[in-house]
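To start, the structure under review is shown below, and the notes come after it.
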Amino acid sequence: MRRLMVPLQVQPPRGTPRALRWVDPAGSTRSARVARVLDDWDYAGRWWEDEVLRHYLLLETEAGHTLEIYREGDAWCLSRVSD
């Protein structure tokens, strides 16, 4: 998996994501439709350093790619992608 760590637009913004949109490091706008959720988990990080709770999802897209995304507060991020 390639690590990206780029902001992500998710539809719907709450609940199970169905559609994703982001700008890759090269500046190209990308989008994907979610086929299914493979896994989900919470990560509290170093709570003693006041790190914010993240909710992670491992997704499979309709094109067969695997994406790892997370929500931190109301913001979504594309963490990693495998082609």
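Quick notes
- The range 17-66, residues that are within 12 Å of Leu78 (Cβ to Cβ) and among the basic types (Lys, Arg): Arg21, Arg30
- Positions within the range 44-67 being within 20 Å of Pro7 (Cβ to Cβ) and touching an Asp or Glu at 6+ places or on another chain (Cβ under 9 Å), in sequence order: Gly45, Val52, Leu53, Arg54, His55, Tyr56, Leu57, Leu58, Leu59, His65, Thr66, Leu67
- Residue match in the range 61-80 (condition: hydrophobic (A, V, I, L, M, F, W, C) and more than 12 Å from the chain's Cα centre (by Cα)): yes
- When the range 28-51 is filtered for residues that are out of contact with any strand residue (DSSP E or B) (no Cβ under 6 Å at 6 or more places or on another chain) and more than 18 Å from Asp83 (Cα to Cα), the ones remaining, listed by number, are Ala44, Gly45, Arg46, Trp47, Trp48, Glu49, Asp50, Glu51.
- Taking each residue of the range 1-28 that is under 11 Å from Ile69 (Cα atoms) and looking for partners that are part of a loop (DSSP other than H, G, I, E, B) and of a type in the set (Val, Ile, Thr) with beta-carbon atoms closer than 7 Å, six or more apart or interchain, yields nothing.
- Failed item, numbered, when Tyr43 is tested on (1) closer than 17 Å to Val10 by Cβ; (2) touching a residue at least 24 places away in the same chain (Cβ under 8 Å): (1)
Rule-based calculations on the coordinates, nothing more; no lab input. Fair warning: this is a prediction, and the values are worked out from it, not measured in the lab. Methodologically, a virtual Cβ is constructed for each residue, glycine included, from the backbone with ideal geometry; neighbour enumeration extends over all protein chains shown.
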